[in-house]
Amino acid sequence: MFRRIKEDISVVFEQDPAARSSLEVILTYSGLHAIWYHRIAHAFYKRKFFFLARVISQFSRFMTGVEIHPGAKIGNRLFIDHGMGIVIGETCEIGNNVTIYQGVTLGGTGKEKGKRHPTVRDNALIATGAKVLGSIEIGENAKIGAGSVVLKDVPPNSTVVGIPGRVKVQDGVKIDKDLNHCDLPDPLSDRIKEMEAEMLTLKQQLMEIQEERSYK
């Protein structure tokens, strides 16, 4: 237990440059508190103390602003930055070394039964406000851009942005955990630029045709 707590604290120092001391991290980091509460709630959930598990998870939500269903399976070294507004559903599975920013939802798409929440593989990063919905898989080393809505599987080593989320980068090479939220690819903007280039080409061709006709 103490080894895991020490590991949790070390992850905060690795991911957050604002962290100054272990005491500060232990007492003030709500994302870390949410993970610790969840471990307790999940232990009761596995032993079929469902009501007690939900009470603990709701208390955690009240204290931290992070709602993690006690049935969710979470691996080691999860880093929750700020945390406020994060929702993680019952059948969600999260691997190791995953980073989740504030406002993220790992939810379902309706009233379906069984596995209805996402599976997030190792080393994935989900940026601020992203919504990952349904029984889909986020591959290893994948990045989900801020504000994206992801409804389909995301391949490993890829970056997804937009509504709905579209894969914009996939090169087969491990992607760094640092995601610049202010410099994401924009598929809509890219498409508009393509249309502008096509319009300029057509305009130039039309002018050439008009010039040819004027000479005749």
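Some values worked out for this structure:
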{"read-out": "Antiparallel DSSP beta bridges within segment 11-166, as percent of all bridges there, nearest 5", "value": "5"}
{"read-out": "Stretchable slack from residue 194 to residue 112, in nm (0.36 nm times residue separation minus alpha-carbon distance)", "value": "25.5 nm"}
{"read-out": "Mean separation of Cα contacts under 8 Å, 6 or more apart, over the residue count of the chain: relative contact order %", "value": "10"}
{"read-out": "Prolate/oblate/rounded call for segment 2-185, Cα gyration tensor, a/c under 1.5 rounded", "value": "oblate"}
{"read-out": "Too-long pairs where the Cα-Cα distance tops 22 Å, listed order kept, from 48/115; 6/48; 73/143; 111/131", "value": "6/48"}
{"read-out": "Selection from 13, 124, 66, by position along the positive dipole direction of the chain (Cβ)", "value": "66"}
{"read-out": "Neighbour-count ranking [beta-carbon atoms within 10 angstrom, fewest first] of 49, 62, 79", "value": "62, 49, 79"}
{"read-out": "Max mean-square fluctuation residue, GNM over the chain, Cα-Cα springs under 10 Å, options 203, 48, 152", "value": "203"}
{"read-out": "Total charge dipole magnitude, the chain, about the Cα centre, Cβ charges on Lys, Arg, Asp, Glu only, Debye to nearest 20", "value": "1280"}
{"read-out": "The chain, helix-only ellipticity at 222 nm - DSSP H runs n ≥ 4, -39,500 (n - 2.57), divided by all residues, nearest 500", "value": "-12500 deg cm²/dmol"}
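No lab work stands behind these numbers, since they all come straight from the coordinates. As the structure is a computational prediction, the values presented were derived from the model and not from experiment. Heads up, the Cβs are rebuilt from the backbone with ideal geometry, glycines too, and the neighbour counts pull from every protein chain shown.
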